[in-house]
1. Specify, per residue and in Å³, the volume enclosed by the convex hull of the alpha carbon atoms belonging to the stretch B:289-370.
2. Could you derive backbone 3J(HN,Hα) for the stretch A:125-140 from the dihedral phi with the Karplus parameters 6.51, -1.76 and 1.60 (θ = phi - 60°), listing whole Hz in sequence and x where the residue is Gly or Pro?
3. Taking K and R as +1 and D and E as -1, what net charge do the other residues with C-beta under 13 Å from the C-beta of B:SER470 add up to?
4. Output wanted: per-residue J couplings in Hz (rounded whole) for the stretch B:384-398, from phi through Karplus 6.51 cos²θ - 1.76 cosθ + 1.60, θ = phi - 60°, x for Gly and Pro.
5. What value does the stretch A:223-270 have for Rg/Rh, both radii from Cα atoms and Rh as Kirkwood defines it?
6. Can you list residues from other chains, or at least 5 along the same chain, whose modelled amide H is less than 5 Å from the amide H of A:GLY450?
7. log₁₀ I(q)/I(0) of the protein assembly as shown at q = 0.06, 0.10 Å⁻¹, via Debye over equal Cα point scatterers, no solvent, to two decimals?
8. Can you list the residues, at least 5 places off or on another chain, whose amide H is less than 5 Å from the amide H of B:ALA459, using H built in the peptide plane?
There are 2 protein chains.
Amino acid sequence: MPESPAASDPESLPSEPRTLASIDSWWGQFDVVVVGFGVAGGAAAIEAARAGASTLILERATRGGGATALSEGTIYFGGGTRVQIAAGFEDTTENMLAHVKAAAGPTADPEKVRLYCEKSLDHFEFFESLGVEFKDTYYDEKVIFPPTDDCLIYSGNEEAYPFSEEAKPVPRGHKPRRKGSAGGYIIEQMIETFNALGGTIQNESRVLTLIKDENGRVVGVLAQIDGAPVAIRARKGVVLTTGGFIMNRAMLEQFAPDLAKCNYPIGSDGCDGSGIRMGLGVGGAAINMSEGLMTTPFFPPVGHIKGLIISKQGQRFINEDCYHGRVTDAILRKADGRAYLIVDDETYGQSIGGYKMVAVEETIEELERSLGIPEGQLVHTFTSYNRFAMDGVDPVFHKASKYVTPLDHPPFAALDLSIDKSIWAVFTLGGLNTQATGEVLSVDGQIIDGLYAAGRASAGLTRSGSHYASGMSIGGSSFFGRMAGKSVAAAD
Amino acid sequence: MPESPAASDPESLPSEPRTLASIDSWWGQFDVVVVGFGVAGGAAAIEAARAGASTLILERATRGGGATALSEGTIYFGGGTRVQIAAGFEDTTENMLAHVKAAAGPTADPEKVRLYCEKSLDHFEFFESLGVEFKDTYYDEKVIFPPTDDCLIYSGNEEAYPFSEEAKPVPRGHKPRRKGSAGGYIIEQMIETFNALGGTIQNESRVLTLIKDENGRVVGVLAQIDGAPVAIRARKGVVLTTGGFIMNRAMLEQFAPDLAKCNYPIGSDGCDGSGIRMGLGVGGAAINMSEGLMTTPFFPPVGHIKGLIISKQGQRFINEDCYHGRVTDAILRKADGRAYLIVDDETYGQSIGGYKMVAVEETIEELERSLGIPEGQLVHTFTSYNRFAMDGVDPVFHKASKYVTPLDHPPFAALDLSIDKSIWAVFTLGGLNTQATGEVLSVDGQIIDGLYAAGRASAGLTRSGSHYASGMSIGGSSFFGRMAGKSVAAAD
């Protein structure tokens, strides 16, 4: 028997559902049971409660939060939000759609993409209805998130080739009005809102598995509460919002071997794929499972974007002004996970990642030798780049002009961005296959009655780390969490 | 509801198992029921029958064959076969293991790899026991398969960097003694052998779904025979050897989007993932689902290997002497699916793929312009390559010396190998997660009682098209088919 995440814990085999016939009594009965209180679970529960459904959230930690609470809290909105207008940017639903179609990735669900863009202003209002505040300001520098309480940033590939040719670039990352990270703030507003609606939150309650009736319909959950397993009835349905599986080593190696190579998983302890496993156990299909967001954040400082990212052959392979996740994905796929950032004395700065400087030389020829790159390869890359850079252009990989400048101030340094030498942060983008309504589908495309999923437990809005933008995770998870909450509340 | 493969055929929802309680009568009862008669099913059934189990094979076509019958029939054996020795090659189990560890891909199951290598001579004898003949000859040219009835070829990456540094190169592709393709011959020998053992073959019998008892054990199948659904009991177990899912467009788009881009699927009509879906429906996990073998066979002629494969930026990105599938994988991942093969007048020849020649020019400068490659990039690639080639070396991508020669005989031509411009053949390498015994596992690592899988319906020996060798599919599918047949025959 291969080692499994549950090998030592026979009570924790989420993929084995219980039958209704095996249940003697109910700990409680609700219209809707939401499993996991991150941003997807909170959004689902709030919409279900607002629609009048009696709603329980089961959260295995001591308090809601999930991966959202660990994040900076950026949300991807567009189509002309109050903040975009105040900051002087003109956006439309069509323009947002043109970019999000690309940013969600080639495997995205067109229906989810369309709904997300068409209802973006409504979704902005949803967050305002929770009491989440956004400042009407734009932070005018390429950053991963604003260090201030400013709101709007370019959080993805909008300004980078080829995305810049497909839609007019507009910033759409909205960070709530908090200095530093704002993810916890979002969740606290959700807790307050859900409590005010009369919803029930049961913390420190781990869901063990689903309960299904003789027709295969999901009718409740088995949960560990106060040290004992109890059955909880869900009259209308169960919503799985348990997060992804970045913390489950066995699942990662089986389903997402590339992601398993990264050394810095981003998620809470709960991101162990339990909801995905529960869904599989009742016939749901999991898709997009090998995909994720990987990132080695080589900027800020913005000067690094003016540097060159090269393979061990001394070749460039990506425009360095892309979203950091897209650059990282290219390092893995195009350069076998090994790359250097080459900067000169003018472009170098201390980066947040603390990358190791592996060579400093007065000439490119010396740097080429130091790095063990075959003779003439890095020299060609530099000579060619600098020649075009005199005119402010990069015809080979199309870095935007504002980041193109000749690199001619020695010394030249190489920072190691390789997957085995630097921080590579990672989370998963695969999960249960759902309709936009949140209904979970089997591999044959049939609806699993009574079962809904959203957030990282599902294959949601954004499907590809090489096309991603910050804010699409919290944005998509909350949006389709809301859809699931409305659907389940309206179910028979 | 999204379009599903089964949308128009409600009787064909393999992922929905039937309960034993719903079965009124049995069409037949056997110890072992094997679903699908390709090389995996044939091997499983023969071993089960040899162990004394009453065995039924259900085949949906008019005769056994599957994808194997469509193939050239190469089988990957090593460790010192009779043919290897006769042809003057020295191989050992350790040397074979060193290569197969790499060739099976980074996500391979080490236990399967080890068993496959340790028992390779036994597996060769198994094929001889079927009456499959192998000629004691070596075909001394880099080909995809010998056009003659010769046997031994280098069928993978053995001689190519970096594989050549990890194990002593030895040829291990063994084609049976037939001119042209020999896949059908293998299957015919299996049919004869199985019949002689008293086994039962039921052709034109499509399995609709599995039947499970109240404990979740698989106890039979529901099959369409003579136009009516009938239940068939499997006392010891069911072996799913139904092939992969390359012919199921919906599954391909959901689970293997890169493979879905290829225009030439390789498989039989039965390769629609029905067995994988059946396994998922009773709680099995499917892994490695996004992987497959993609190939645009740019050689023979062998001269093409001496050419340069370049991206739209004019860069090389792979040693051109790799296995064709590895080169093709690199075109997709490293060059965004767009590449040209550049040859000069001495290296060009008519290829089996009939690639389109998109430019012919007297100089590389002109070719660069014709192809729209940014100025100086292709010129650098050529100048640098030719300079090193004077010494017969390729320090940048490590093509083997015998294929390295200066390209200096104009005119120069570009053949388009791009995914949207040439033949890209493809099949899938993902399926049900099994132990080496063939037992199917859930996502929590639990055995699904009564259910076995082998061949393309499972995630078998070889998991990666970028590491693959021809012969590992038929080799691995038949080997682990045999393992499954032995296991199920020994079950309670």
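The values are calculated or read from the model by the stated rules, or taken from the named source; none is laboratory data. Please read these numbers as outputs of a predicted model, since none were measured by experiment. Counting neighbours? That spans all protein chains shown, and the Cβs are built from the backbone with ideal geometry, glycine included. Just so you know, the surface numbers come from the protein's heavy atoms only, side chains and all, with ligands and any DNA or RNA stripped out. Shrake-Rupley method; radii C 1.70, N 1.55, O 1.52, S 1.80 Å.
1. So the per-residue hull volume is 94 Å³.
2. 5, 4, 5, 4, 5, 7, x, 7, 9, 10, 7, 7, 9, 10, 9, 8
3. For residues surrounding B:SER470, the net value is +2.
4. With the stated coefficients, the stretch B:384-398 comes to 5, 4, 5, 4, 5, 5, 4, 9, x, 10, 9, x, 7, 10, 6 Hz.
5. 1.13
6. When sequence neighbours closer than 5 places are left aside, the close amide H contacts are A:VAL218.
7. -0.45, -1.21
8. B:ILE287, B:GLY431, B:LEU432, B:ASN433, B:THR434
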